[in-house]
Structure formats: structure tokens, C-alpha cells
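> First, the structure itself, so that you have it in front of you.
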Amino acid sequence: MAVQKEKKKSKLLWIIIFLLLLLIGIGAGIYYQMTKDSNLGRLTRDELALGGMLPGKTDQEISDILNAKVAEGMVDIGIAAGPIFEYGGKKGRIAIENIAANRYSFQVDVILDDTGEVLYQSGVVDPGYYIEYIELNKTLQAGDYQATAHFTTYSLDETEDKISEISVKIVLHVMDGLFYR
């Protein structure tokens, strides 16, 4: 009788162990299914996606798409072609503008062509902002000076990556007197 009770206890223990392992297996399976589905929100690539452009587009549709991409990368810059400065370069209307439609911020250096000296360096100008008047960091005698406005564009996101550079020739007109108020 004692042997039968011992066998029943042993059998019951094995049944409990089996049920626990079964519950753990079911729980692990449910967890796997739940996390497998949530991984789709983690930018996994769709296996059915094909590279390239969807077939059947007209030449005009393709042209419109390409033109839109080109326009995204363009930036409209604004600066006076012949800014006028008061005596010595104290104050001049430079009219640097980053229009609101631009997708990039920019920074501008005004460089004297003869010497390569940087006469003015702006901070970053975001889209929708402008700099109307500046003061040169070097005193210039009255006259006309060939210069280059060097624009460097930056992305608007937190990386502020440099996107491109462009230079524009301008002529600085330094006058002999004060006339901006």
C-alpha cells in the first residue's frame, strides 16, 4: 500500500511538472506572437516591396516626380547685388533673405575678393528670416569693392548637416558720409 501511495505521489508530481512545462511553453508562444507583430512598428522592410518606380506611370507623371525632387533640394538665396555702406562700412543695407519656402537654413560670409578677408560673417539664418543691415568688421575707404557672398546651407533637423555651398559676386559701395538713420 505504501508503494502504491508512493507511485501515485510520483505520478502526480510528474503530471504537475508536465503541466507547468506546458503552461510555460504556451506562455512563451503567446509572447513570441505578440512581440513578432509589434516588431512591424520598428521599421522592418516589407518583403513584398519592390525597388524602383511603380510601372504604368506616364512620362508627365515621371517628369513631375523628378521635378519635385529637384525643387526639394533647391534653395532661394537673397542678397543685395550692390549694397551701399556708410563711411568706413559702419552700416550698410545688405538685404540677406532666407525665404519661408526654403527647406534649409544658411550662413553667409562676405569676402573681399582682393585680399580674401572675411568682412562679415552671419549666424545661421532660418527660413522666413532676413538680415537687413550689417556693419563690416573692417574699415574701408570710400569706393567700390568687389566681394563674394558665400552661402552655406544646413539641414533644419537636429543634425544641422551641411547641405551645399554657393557663392555670389557682389559689389560693396562704400560712401563718404552717413545716410542710414
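No lab work stands behind these numbers, since they all come straight from the coordinates. On a predicted model such as this, the values are computed, not experimentally measured, just so you know. Glycine also receives a Cβ, built like all others from the backbone with ideal geometry; neighbour counts cover every protein chain displayed.
> May I ask you to list the GluC sites (Glu not before Pro) in the stretch 94-181 that are in a DSSP loop and have at most 12 other Cβ atoms within 10 Å of their Cβ?
Hits after loop and neighbour filter: E158, E160.
> From the phi of every residue in the stretch 114-130, what ³J(HN,Hα) in whole Hz does the Karplus formula 6.51 cos²θ - 1.76 cosθ + 1.60 yield, where θ is phi - 60° and glycine or proline is x?
4, 10, x, 6, 7, 8, 7, 9, 7, x, 6, 10, 7, x, x, 10, 8
> Eight or more residues apart or on different chains, and alpha-carbon atoms under 23 Å: count the Lys pairs in the chain matching that.
Lysine pairs satisfying the spacing and distance rule in the chain number 7.
> Treating only the Cβ atoms of Lys and Arg (+1) and Asp and Glu (-1) as charged, compute the dipole magnitude of the stretch 76-174 about its Cα centre; round to the nearest 20 debye.
340 debye
> Expected output is a single nm value to one decimal: the length gained when fully extending between F179 and L50, i.e. 0.36 nm times separation in residues minus the C-alpha distance. What is it?
40.0 nm
> Another question, if that's okay. Could you pull out the longest piece of the chain with no exposed loop chymotrypsin sites (Phe, Trp or Tyr not before Pro) in it, calling a site exposed if DSSP puts it outside H, G, I, E, B and it has at most 16 other Cβ atoms within 10 Å?
88-178
> Still on this model: Using only helices, what value at 222 nm comes out for the chain when you add -39,500 (n - 2.57) per DSSP H run of length 4 or more and divide by the total residues, to the nearest 500 deg cm²/dmol?
-10000 deg cm²/dmol
> Separate question: What angle do you read, to the nearest 10 degrees and between 0 and 90, between the alpha-carbon axis of helix 2-38 and the longest principal axis of the chain?
20 degrees
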